[in-house]
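**Student:** The following block contains the structure, expressed as structure tokens.
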Amino acid sequence: MKLKHLIVATAVASLGSVSAASGDHYADFPVTLNGYDGDATTSVAYTGQMARHVLHNSLKKLAGSGTGDNADELLEQMLAYFEGGDSLDIIDPASKSGFAIKQSEVDAISTGKNLSGKAYGGYVTGWPGQMTGAEVLRFMIEKAAETEGGYDPVNGYNYAQLISKFAMGAVFYNQAVDNYLDERIEGDVKPNDKPYGEGDHYTGKEHVWDEGFGYFGAPAHALSLDAATAYSIAKQDPDVFDEADYNGDGVVDLVTEMTYAHAYYAANADKGGQSNYLNTIMQAFIDGRQLIADADGEKLSDDELDQLQGYADTIKSNWERVIAEAAFKYAGSVYSDAMALHEAVEEGDSVVDLMPTYVKHWGELKGFALSLQTGGKDLGSVGVQLDRLIGFGPVLLGSTQVTGIDGDGDYIQSESITLKEYALNMLEVQKLLSQNFHLVARSNDRLGNLESLSEQLESGANVEND
Amino acid sequence: MPGFNDVLSSLTTTFLDPSKRVFVGYLFLAAVIGALVWMAQGRSWRHYPRAVLSRRIWWSPSARADYQILVINQILFLFLAPWLLSHLTLATWLFEQLHRWIDTRPSVGLGWPDWSIPILFTLSLFLLDDFARFWIHRLMHRVPWLWAFHQVHHSARVLTPLTVLRTHPIEGVLFSLRSAVVNGVCIGGFVFFFDSRVDLVLVVGSNVFVFLFNLAGSNLRHTHCYLRYPAWLERWLISPAQHQVHHSAEPRHFDRNFGAVLAIWDRLYGSLLVSEPTAPKRFGVTRRRRPGEQKLVTLYGSPFLQAARVIRRWVSVRTTTIKQVNKEGRAHG
Ligand SMILES: [Zn+2]
Ligand SMILES: [Zn+2]
């Protein structure tokens, strides 16, 4: 079975369309659709998802570009990337010296795509105003347009971070784990013996799986990259250009050769050497895709469906942990920032440099914490505790915090806890996340040394007398 | 639920883990030091093995009680372990509390060399632990209901290295509490002030100072090898002989030398006694043997009865006093 894939891949390679292919590459799976007589050589297709990744990246860039007096214009531009528009330029990732990008327009990847139509439809309990995921994103976009650089110092929001991190959950994670890798991999939905849609050259299951993979955001050859390289590709570091440009055509293809969103955060966690999320998720995607290819255009048996479900479960649980790891990391940053701010206030030092960092880290923390709750499963008390510990906004210098939104969509601030107590909340957030999601990377672990020292000392029973 | 294998592995750990007092390596070293002491006392090395491996020591009723207590405690603490306070819980609590008690989290020792903080931490841990051992030990001798439990250790008539584990489970629970407090306070406190620079200086998995103590023949304190240190040194370190004095059945030796490693605590509290030229005649709580004193029922059960008696007496004294006071109050009123 693997052999067949290899033969096809080799055949394709010999035709010169790709430089090399191997079993660890998410590409070149054959066309298996029965009765297909077109000239497509592979059934792999996930350009729609990659178009959404560049929409997301570009939107993030825009959200941080406000000048304070271009609100209407900026809002219109941001909404184009959020709700879809014609002939949009790719603002990010764009070519730069030493890191040339193949596509410069969204339409060159896929046409007619948007983010808003795919955003989480449930209520977001962690954000004020009783809004759905899509509504929260739109609300944040409107707010971002009015700011300078996406930064609201009065309420403590960094919209570029909030929009980006929450969109990663509300759109990409939600679509993948709550839709494609969930109901759509069941037997009767999008079966493998029929085309995905009228006239498609791929089967239902092939395309469902591809779409799930696309949302993850990994380059197709991610398994051949180490975590640090996969990470640096997203940063467009010229040092890793050759590794990024898998087919050696001198440009990085935004469909198959770029690292985005959660794949980037998986690599970020893994480069610490403690975890292996990127490879684990990638391998499960490839194994699942191979299983579908091996079915050769027939309906999947119950056994095969169970196996596919197993791969999907591996992907979902590890993906969730990637988000939890990111939230954990930023909770550690927010702890340090809040303590530094508290100290500066106590000593009468300037907070001008400290505040933006605190707000930025908080935006990342909040975005990931909100994202965790968009996977379609109820986190129960863990979700409630996360929302309470983090709050609707960061605790500000006067011990106030955003606690709601009024009828005009303006924030309401109320008396809250002190910065120091809020820093302690962040320790609780770290405890909560590491316990409930079995985290291993744990960057910025503020309690980690307590734990490792405790492990070195004998605990419990000790009956040695004197 | 712990099973047979857990008991077995916990027993092997006791002897094969270098962080334990009765680790085979330390026992061997103690035997070697013991041989040197034997010869220094002018006796032939030929007679040493027979003396050390004597059946009168290792198969005495007292030693057999040591073995039984050792096994029973191992099993008991496998079940108790999950309920004992962990030092991580305490360290975390203290770390968070310090944020509240101290205004800002100070960065201490920024200019100090990297090795200095692990050494400071390891030394502090050792000192605090040694003091806590002394202090709790002293308390166990002075508070009657605690003495009821600690006297199980003192009821040994023959001292073998395993006597170190001859401990009533109630005392064992107090010891784990003591470790939790000492370790928790040190870890929580140090991490608050020095953050990630804190580390422990370990030698084969145990605190370097504890390792040195064990290397120096710590096991000899529970043997009949009367190893004395020069008087000046016995004012700093508790010698095996000094601990044997602590086990003496002579009333004039009672309540002396509570210390584990350092003698300075005994000096501070006025309980230090340097060793005399001759070894104590008898070990135990009383001079005369009491019938059944080495039976398990007595060793495990009688402390509870004794403690209950002490508490009952205390309660009755109090109620009498209160009645007295009330009566007097009425008379005056
Ligand atoms: Zn003793
Ligand atoms: Zn004693």
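**Student:** Could you work out the mean count of beta carbons from other protein chains within 10 Å of each residue's beta carbon in B:181-193?
**Tutor:** Working: counts 0, 1, 6, 4, 0, 2, 8, 3, 0, 3, 7, 1, 0.
Mean partner-chain Cβ count within 10 Å for B:181-193: 3.
**Student:** Another one. With viscosity set to 1.002 mPa s at 20 °C, what whole-number translational diffusion coefficient in µm²/s follows for the protein assembly as shown from Stokes-Einstein and a Kirkwood radius over Cα pairs?
**Tutor:** The diffusion coefficient I find is 68 µm²/s.
**Student:** In the full protein assembly as shown, how much of A:Glu186 is accessible to a 1.4 Å probe, in Å² to the nearest 10?
**Tutor:** 100 Å²
**Student:** Collect residues whose amide H, placed 1.01 Å from N in the peptide plane, falls under 5 Å from the amide H of A:Gly122; neighbours closer than 5 in sequence don't count.
**Tutor:** A:Gly133
**Student:** Would you mind estimating how fast the range A:310-466 diffuses translationally, via Stokes-Einstein at 4 °C and 1.567 mPa s with the Kirkwood radius over Cα pairs, in µm²/s? Intermediate results must be reported in sequence, preceding the final value.
**Tutor:** Details: Rh = 17.3 Å.
It comes out at roughly 75 µm²/s.
**Student:** Within the range B:273-287, name every residue whose backbone N is under 17 Å away from a label modeled 7 Å from Cα of B:Gln306 along the Cβ vector.
**Tutor:** Residues passing the 17 Å test: B:283-287.
**Student:** May I pose another question? Just to be sure I understand: if you take the accessible area of chain A alone plus chain B alone and subtract the pair, with a 1.4 Å probe, what total do you get in Å², rounded to 100? Spell out each step's value before the answer.
**Tutor:** Details: alone 19640 and 18880 Å², together 35070 Å².
Using a 1.4 Å probe, the pair buries roughly 3400 Å².
**Student:** FRET efficiency for B:Val32 and B:Ala81, Cβ-Cβ distance as r, R0 = 25 Å, nearest 0.05? Please list the in-between numbers first.
**Tutor:** Numbers: r = 34 Å, r/R0 = 1.37.
It comes to 0.15.
**Student:** Is the C-alpha gyration tensor of the range B:1-128 telling us rounded, prolate or oblate? Criteria: a/c under 1.5 is rounded; beyond that, a/b larger than b/c is prolate, otherwise oblate.
**Tutor:** Numbers: a/c = 3.65, a/b = 1.62, b/c = 2.26.
Note, shape of the range B:1-128 comes out oblate.
**Student:** Here's something else I'd like to know. Once chain A is represented by equal point scatterers at the alpha-carbon sites, with solvent omitted, what log10 I(q)/I(0) does the Debye formula produce at q = 0.10 Å⁻¹?
**Tutor:** Result of the Debye calculation: -0.76.
**Student:** Something else: When only alpha-carbon atoms count, how far does the range A:190-297 stretch along each of its three principal axes, as whole angstroms with the largest first?
**Tutor:** Each principal axis gives a Cα extent; for the range A:190-297 these are 44, 33, 20 Å.
**Student:** To the nearest 10 square angstrom, what accessible area does A:Glu83 show with a 1.4 Å probe?
**Tutor:** It works out to around 80 Å².
**Student:** Still on this structure: Under unit Cβ charges (Lys, Arg +1; Asp, Glu -1), what dipole magnitude, rounded to 20 debye, does chain A have relative to its Cα centre? Intermediate values should be presented prior to the final figure.
**Tutor:** Working: 31 positive and 72 negative charges, 24 e Å.
In total the dipole reaches around 120 debye.
**Student:** Another one. Restricting things to alpha carbons, tell me how big the range B:202-321 is in terms of Rg and Dmax, in Å.
**Tutor:** Computed over the Cα atoms of the range B:202-321, radius of gyration and Dmax are 18.2, 57 Å.
**Student:** Further, regarding this structure: In the range A:351-466, if the dipole is taken from +1 on Lys/Arg beta carbons and -1 on Asp/Glu beta carbons about the Cα centre, which of A:Gly409, A:Asn436, A:Leu424 is farthest to the positive end?
**Tutor:** Farthest along the dipole direction, towards plus: A:Gly409.
**Student:** Something else about it: Roughly how crowded by other chains is peptide A:434-447, in terms of the mean Cβ count from those chains within 10 Å of each of its Cβ atoms? Display every interim value, and only then the final one.
**Tutor:** Values: counts 0, 0, 0, 0, 0, 0, 0, 0, 0, 0, 0, 1, 4, 6.
Mean number of neighbouring Cβ atoms from other chains: 1.
**Student:** Could you rank the peptides A:98-107, A:262-271 by their average count of other C-beta atoms within 10 Å per residue, with the highest value first?
**Tutor:** On the way: A:98-107: 17.1, A:262-271: 25.5.
Most protected by this proxy first, the peptides run A:262-271, A:98-107.
**Student:** Something else about it: Run through the range A:361-396 and list the trypsin sites (Lys or Arg not before Pro) located in a DSSP loop whose Cβ has at most 15 other Cβ atoms within 10 Å.
**Tutor:** A:Lys377
**Student:** Here's another thing I want to ask about it. Farthest toward the dipole's positive end in the protein assembly as shown, which of B:Val22, B:Leu215, B:Pro251, given Cβ charges of +1 (Lys, Arg) and -1 (Asp, Glu) about the Cα centre?
**Tutor:** Of the candidates, B:Pro251 comes out farthest on the positive side.
**Student:** Mind listing the long-range amide H neighbours of A:Thr403? Cut-off is under 5 Å, sequence gap 5 or more, other chains count too, H placed in the peptide plane at 1.01 Å from N.
**Tutor:** The list, which skips near neighbours in sequence, is A:Ile412, A:Gln413, A:Ser414.
**Student:** Give me log10 I(q)/I(0) at q = 0.18 Å⁻¹ for the range A:365-455, Debye formula, one equal scatterer per alpha-carbon, no solvent.
**Tutor:** The Debye formula, applied to the Cα set alone, gives -0.92.
**Student:** Taking Cα atoms of the range B:4-326, Rg/Rh with Kirkwood Rh, to two decimals?
**Tutor:** Rg/Rh for the range B:4-326 comes to 1.00.
**Student:** Now a separate question. Between beta-carbons, use under 11 Å as the cut-off and find the net charge around A:Ser275, counting Lys and Arg +1, Asp and Glu -1. List each step's numbers first, then the result.
**Tutor:** On the way: positive: A:Lys271, A:Arg321, A:Arg442; negative: A:Asp270, A:Glu325.
Residues close to A:Ser275 contribute a combined charge of +1.
**Student:** Between B:Leu127, B:Trp101, B:Ala156, whose Cα lies farthest towards the positive end of the dipole of the range B:4-326 when Lys and Arg beta carbons carry +1 and Asp and Glu beta carbons carry -1, centred on the Cα centre?
**Tutor:** Result: B:Ala156.
The values are calculated or read from the model by the stated rules, or taken from the named source; none is laboratory data. Since this is a predicted model, take the numbers as computed values, not measurements. Using ideal geometry, Cβ is built from the backbone for each residue, glycine included, and neighbour counts are taken over all protein chains shown. Calculation scope for accessible area: heavy atoms of the full protein, side chains included, ligands and nucleic acids excluded. Shrake-Rupley method; radii C 1.70, N 1.55, O 1.52, S 1.80 Å.
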